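The values are calculated or read from the model by the stated rules, or taken from the named source; none is laboratory data. Values in this document were obtained by computation on a predicted structure and should not be read as measured data. Positions of Cβ are backbone-derived with ideal geometry, glycine not excepted, and every protein chain shown enters the neighbour counts.
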There are 2 protein chains.
Amino acid sequence: MSAPLDGIVVIDLTHVLAGPVAAIQLADFGATVIKVERPGTGDDTRAFPPFKEGESAYFAALNHGKKSIALDLKSAGDRAVFDRLLGQADVILENFRPGTMEGLGYGWAELSARFPRLVYGAVSGFGHTGPEAGKPAYDMVVQARGGVMSITGEEGGPPVRVGASIGDIAAGMYLVQGVLAALYARDRSGRGAKIDISMLDAQIAIQEHSLAITTATGTPPGPTGARHPTITPFSTFRASDGFFVIAAGNDAIFARLCTALGQPDLANDPRFASNAARCENVHLLKRMIEALTLAEPRAHWIAALEANGVPTGRVQTMAEALADPQVLARNMVLPVEATDGRPAFVAAGNPVKITGLAEPAARQPAPVLDGDREAVLRWLQARESDRADAP
Amino acid sequence: MSAPLDGIVVIDLTHVLAGPVAAIQLADFGATVIKVERPGTGDDTRAFPPFKEGESAYFAALNHGKKSIALDLKSAGDRAVFDRLLGQADVILENFRPGTMEGLGYGWAELSARFPRLVYGAVSGFGHTGPEAGKPAYDMVVQARGGVMSITGEEGGPPVRVGASIGDIAAGMYLVQGVLAALYARDRSGRGAKIDISMLDAQIAIQEHSLAITTATGTPPGPTGARHPTITPFSTFRASDGFFVIAAGNDAIFARLCTALGQPDLANDPRFASNAARCENVHLLKRMIEALTLAEPRAHWIAALEANGVPTGRVQTMAEALADPQVLARNMVLPVEATDGRPAFVAAGNPVKITGLAEPAARQPAPVLDGDREAVLRWLQARESDRADAP
């Protein structure tokens with residue numbers, strides 16, 4: 001099977017994070033991604049730490065396999081090249097502040113008139129509509145406004161940021177969905193569409209229990225540390241060598257947990273006999289379980305719990321997660337080659353496994369700024385003469 | 001324009017969260033979603049708190065607009081109905097433990113042989129391959145193993161769970177991408193595909209700086225509370241009435257921030273003159289800024305910062321987020337109607353805005369368990385006789 005997006009050309013004006021992660025995913029589905037960068041400095045993340053031999057590991061992990069051409073969209077010569085790129089493109093992606101593309105003469109109205117089949121994917125802090133459409137935002141601003149920080153952190157403590165930049169990344173994931181839906185629709189309608197993703201919208205959309213609790217009870221939940229707000233025991237516990245998770249989602253699992261801990265009678269203790277009772281006595285139960293688990297290392301408890309069918313797992317550092325045998329078996333940690341083919345960086349694998357879609361053993365290099373100019377121009381010329389020659 | 005997935009039929013065997021959020025998104029793109037539930041109890045989340053008039057607000061917010069039919073896939077009569085549903089389906093979704101569908105005789109091998117155009121989307125804790133493919137997992141288990149908890153929490157403190165269930169939700173979002181990519185490919189190949197999403201894989205894929213830092217430096221990052229690990233000032237600050245965020249991504253923004261705070265000279269202080277210097281003196285800078293910001297409410301500071309082009313925003317509770325004018329203007333908070341058409345619950349809107357895709361003013365009700373049996377059977381019969389009558 002060929003890749004789902006084989007033959008699809010993506011012109012990628014995006015920078016930093018929300019847009020580039022979307023472009024990576026389209027590339028993983030087989031699209032050709034041509035990254036159009038600002039001459040001189042290119043994508044800001046080329047200057048983001050950490051560095052390895054002068055190159056950004058951050059940039060490498062988020063831009064592997066893309067082509068780069070530097071174009072100044074305010075210069076006539078470069079605009080002519082950009083117009084030719086648009087003539088061959090299926091998709092254009094951008095994450096400028098709303099209005100920027102219109103200012104350049106490349107707003108959706110102009111582009112859809114000139115290129116009716118073009119799919120235009122935009123991601124911005126607050127979207128292209130609404131009273132605050134024009135405002136700038138960073139990941140943390142939408143994590144804060146969207147409510148997720150208010151439910152993340154220690155119980156009774158101050159709000160905490162989600163360690164991964166889900167303000168950007170969730171938005172990028174929705175952008176991919178929108179582009180794919182629009183490409184599918186284009187096959188029927190013959191026309192492209194504009195996708196307008198707001199990072200703030202995405203934060204609302206990825207919340208479930210906090211939305212249900214807030215709207216049904218009128219009281220928004222606060223942070224609950226490392227435990228689930230309404231299921232007990234469902235949290236981290238300390239073993240002698242670190243933290244692990246016990247996730248006892250119902251009474252039967254709780255009974256098996258008690259057996260695994262060598263305390264089968266605990267399951268019949270009225271203080272813990274139902275989830276409601278366990279939630280009421282959550283702190284007592286935690287102390288009682290930790291009094292046991294602190295005596296042995298995590299491997300001991302995880303083996304005992306798994307033998308009893310209790311969902312469990314270590315709290316892993318990123319180093320441990322990237323060395324996890326299950327993660328490696330799924331091809332989720334891949335070397336990114338340097339331009340000379342040497343493995344130089346590391347990137348995540350493609351999380352969307354589809355039958356027949358090849359799983360590469362390595363990622364192609366992230367592009368040097370403007371490093372593919374000649375190749376892109378040659379490709380353009382070939383595509384244009386193919387079309388001209390076509391009967 | 002019709003909706004992108006108009007005419008697409010999704011048979012949805014999923015329950016709880018990772019699968020149902022994927023099905024909601026496909027419904028938002030126009031697909032017809034028929035939820036096949038276990039007779040008697042149905043989806044576990046029908047019993048999840050909070051409740052309103054005996055119905056789960058959680059279930060309502062994640063299953064609106066789906067049809068429900070209860071089928072026992074171990075009974076011959078119900079299997080016959082299920083087979084007829086498959087005959088009309090474009091997509092089947094399931095989030096059982098790996099092997100369950102094979103045990104029922106509905107594994108991918110059987111289904112693709114019988115229904116070569118069927119797209120089969122599966123989401124599970126660890127995926128359908130690898131040494132731990134068969135193990136159960138809950139959201140928190142993959143948040144823990146995937147590393148995100150290790151970078152979430154107070155500096156030097158214990159790991160903290162991300163308040164939203166991103167272990168489930170990120171996986172569901174990738175499942176949507178896979179289904180859309182497979183539908184697009186089917187238009188060319190004539191064949192469906194299987195999508196195999198692992199919740200643990202998804203946790204690796206949504207991390208960026210922690211992966212880059214870990215692999216480039218060898219040292220995994222820890223939690224940093226409510227501040228960005230490598231940009232300063234980029235964190236929460238206290239005003240007189242609560243927390244807000246200041247996100248000064250570069251020197252120019254920092255200078256404007258100093259102006260907004262009435263301390264323009266601070267930008268030239270050698271302790272704060274570069275991002276590197278500010279990172280070194282992050283705690284001192286935070287105290288100096290908070291000494292100022294504590295004197296006035298958030299609205300004062302947000303107005304001052306926005307007037308100077310400094311990205312900022314309140315840390316909002318979920319109640320505040322759901323009343324945010326920008327969120328409301330984007331149609332992101334919608335009533336879910338009860339079966340009698342009365343607004344009864346609340347759900348998030350569709351975060352993927354596509355030109356021409358209608359934005360409904362309300363969500364249709366979540367289905368009563370087996371409430372659409374007659375309608376589904378009538379629809380099946382009509383579809384089957386249409387085909388039989390076709391020339």
Number of the exception - A:V315 against (1) modelled with pLDDT under 95; (2) under 31 Å from the mean Cα position of the chain (by Cα) = (1)
Elements of type helices (runs of 4 or more DSSP H) in region A:132-245, at least 2 residues being under 18 Å from the mean Cα position of the chain (by Cα) | A:139-145, A:166-189, A:199-205
Single residue of A:Y184, A:Y138 found to be among the aromatic types (F, W, Y) and surrounded by 24 or more Cβ atoms within 10 Å (Cβ to Cβ) = A:Y138
Screening B:G178, B:G192, B:G146, B:G134 for residues that are at pLDDT 95 or above and more than 30 Å from A:A182 (Cβ to Cβ) leaves only B:G146
Among the candidates A:A212, A:A216, residue that is surrounded by 21 or more Cβ atoms within 10 Å (Cβ to Cβ) and either in contact with a Phe, Trp or Tyr (Cβ under 6 Å, 6 or more places away or on another chain) or assigned by TED's automatic domain parsing to the domain that holds A:G121 (or both) | A:A212
List pairs: first in region B:227-245 and under 18 Å from B:G309 (Cβ atoms) and within 7 Å of chain A (Cβ to nearest Cβ), second in a loop (DSSP other than H, G, I, E, B) and not β-branched (V, I, T), Cβ under 6 Å, 6+ apart or cross-chain?
-> B:F234/B:H228
Somewhere in region B:314-333, is a residue basic (K, R), more than 28 Å from B:F82 (Cβ to Cβ), touching a Pro at 6+ places or on another chain (Cβ under 9 Å) and free of Cβ contacts under 8 Å to residues at least 60 places away in the same chain?
-> yes
State the number of residues belonging to region B:246-259 that are of a type in the set (A, V, I, L, M, F, W, C) and over 31 Å from the mean Cα position of the chain (by Cα).
-> 6
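Each row is one residue, and each column tells you yes or no for (1) under 21 Å from B:P229 (Cβ atoms); (2) more than 13 Å from chain B (Cβ to nearest Cβ); (3) in contact with a Leu (Cβ under 9 Å, 6 or more places away or on another chain).
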residue	(1), (2), (3)
A:A18	yes, no, yes
A:A27	no, no, yes
A:E37	no, yes, yes
A:P50	yes, no, no
A:S56	yes, no, no
A:F59	yes, no, no
A:G65	no, yes, no
A:L73	no, yes, yes
A:A76	no, yes, no
Go through region B:286-387 and tell me which helices (runs of 4 or more DSSP H), entirely inside it, have 2 or more residues that are surrounded by 16 or more Cβ atoms within 10 Å (Cβ to Cβ) and within 8 Å of chain A (Cβ to nearest Cβ).
-> B:318-322, B:325-329
If you go through region A:136-152, how many residues are more than 7 Å from every other protein chain (Cβ to nearest Cβ) and either more than 14 Å from A:G167 (Cα to Cα) or not charged (D, E, K, R) (or both)?
-> 2
